[in-house]
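Q: To start, I am sharing the structure in question, which I have written as structure tokens.
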Amino acid sequence: MSFHLTPAAEGLRTQLFHIIFESDTPAAKGFDIALIAMILGSVGVILLGSVQAVSQEYGWLFYYLEWSFTILFTVELAVRIYCLERPALYLKSFYGVVDLISILPAWLVLLVPGFHALVIIRFLRVLRIFRILRLMEFVGEGRLLIEALKRSVRQVLLFFCSIFMVVTMFAALMYTIESPETGFTSIPMSIYWAVVSVTTVGYGDIVPGTPLGKAITVMLMLIGYSIIAVPTGIFSAQVIRSIREDRYSDEACPGCGHDRHEKRARYCLRCGTWLDENSEDPRKKDQADKKDQAEET
């Protein structure tokens, strides 16, 4: 987490804090595993409950399971709030919001009266699927992916702006060439066709009828094939950069200037120089001790 959480007080609250918010003890690891199982089970109930044939036969079971999960998640959130010194800090965080979204719909169903509110209630109940976002909390590599996404936002936005300009130009050209009978009734409709073509999806609901229009379509599809890997390359480069920064240090060796060392490295990979300039090289002390022993003998 990007913020620092602290326990409310010594004793039971501190013990609960170490179990819930940390994962370096058997009890904390057991809690994480149990919570992951609950999240997966809850999401599974939601997914199966949306299948009409399964819901008609086992709807009663899904109802009791969902309320069981809701009560468990409510208790879990209450315990989290209980053991924190500043509960509002957690509730404003990403996972705190997800916790609230995952349990509030079920309780709001009991508070919203009226037959006409069923559509709203159904929407609120679907929000419980956001529980699966809690799984990101247990993936150590998730931080690297988030950092890579943040760093590649500008490049990806620039890429999409360029694609939008290309799509708009081709759409305007096709709107001019093709007749409304072929489906190109407006420039927005032509933009829809251009997006479908550049992504090489090809629904076939709008098809050019003139030879020139077909040639432009082929050109647009080839452009789509040539640029489809650009966002992937940008994101992959940022992921590699995040991994390197997480593993390697950018401090240069005082002896040879080599700057690609692991953060835990103590000696230079090339010349063997002691890297920590704030402390003394233990080898010098060993050499001095050996020299003193030699002089004594």
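The values are calculated or read from the model by the stated rules, or taken from the named source; none is laboratory data. Since we're looking at a predicted model, the values are computed, not measured. Neighbour counts are summed over all protein chains in view; Cβ atoms, including those assigned to glycine, are modelled from backbone coordinates with ideal geometry.
Q: If you scan segment 12-26, which residues turn out to be in a helix (DSSP H, G or I), surrounded by 13 or more Cβ atoms within 10 Å (Cβ to Cβ) and of a type outside the set (D, E, K, R)? First the steps, then the outcome.
A: So the first thing to find is which residues in segment 12-26 are in a helix (DSSP H, G or I), and the list is 12-21, 26.
Retained after the next criterion (residues that are surrounded by 13 or more Cβ atoms within 10 Å (Cβ to Cβ)): 13-21.
If the condition is that a residue be in a helix (DSSP H, G or I), surrounded by 13 or more Cβ atoms within 10 Å (Cβ to Cβ) and of a type outside the set (D, E, K, R), then T14, Q15, L16, F17, H18, I19, I20, F21 are the ones that fit.
Q: With L47, L77, L40 as the choices, which residue is under 21 Å from L100 (Cα atoms) and surrounded by 14 or more Cβ atoms within 10 Å (Cβ to Cβ)?
A: Step by step, each of L47, L77, L40 is checked, and only L77 is under 21 Å from L100 (Cα atoms) and surrounded by 14 or more Cβ atoms within 10 Å (Cβ to Cβ).
Residue by residue, here is whether (1) out of contact with any Leu (no Cβ under 6 Å at 6 or more places or on another chain); (2) of a type in the set (S, T, Y); (3) in a helix (DSSP H, G or I) holds:
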residue	(1), (2), (3)
K29	yes, no, yes
L40	yes, no, yes
V43	yes, no, yes
I46	yes, no, yes
V54	no, no, yes
Y58	yes, yes, yes
S68	yes, yes, yes
F73	yes, no, yes
A88	yes, no, yes
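Q: Of all residues in segment 50-74, which are closer than 30 Å to E10 by Cβ and surrounded by 14 or more Cβ atoms within 10 Å (Cβ to Cβ)?
A: Taking segment 50-74 as the starting set, the residues that turn out to be closer than 30 Å to E10 by Cβ are 71-74.
L72, F73, T74, listed by residue number.
Q: Being more than 19 Å from P105 (Cα to Cα) and among the charged types (D, E, K, R) is the filter here; which residues of segment 40-75 pass it?
A: Within segment 40-75, E57 is the sole residue that qualifies.
Q: Go through segment 216-231 and count every residue that is of a type in the set (G, A, S) and surrounded by 12 or more Cβ atoms within 10 Å (Cβ to Cβ). Lay out the reasoning, then the answer.
A: Filtering segment 216-231 for residues of a type in the set (G, A, S) gives 224, 226, 229.
Going one step further and asking which of them are surrounded by 12 or more Cβ atoms within 10 Å (Cβ to Cβ), we end up with 224.
Summing the residues that are of a type in the set (G, A, S) and surrounded by 12 or more Cβ atoms within 10 Å (Cβ to Cβ) in segment 216-231 gives 1.
Q: Something else: Counting only residues that are more than 15 Å from L173 (Cβ to Cβ) and free of Cβ contacts under 8 Å to residues at least 24 places away in the same chain, which one in segment 193-210 is surrounded by the most Cβ atoms within 10 Å (Cβ to Cβ)?
A: Per the criteria, the residue is V196.
Here's the yes/no breakdown for (1) in the same structural domain as S93 (by TED's automatic domain parsing); (2) among the aromatic types (F, W, Y); (3) under 23 Å from the mean Cα position of the chain (by Cα):
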| position | (1), (2), (3) |
| --- | --- |
| L40 | yes, no, yes |
| L47 | yes, no, yes |
| A53 | yes, no, no |
| W60 | yes, yes, no |
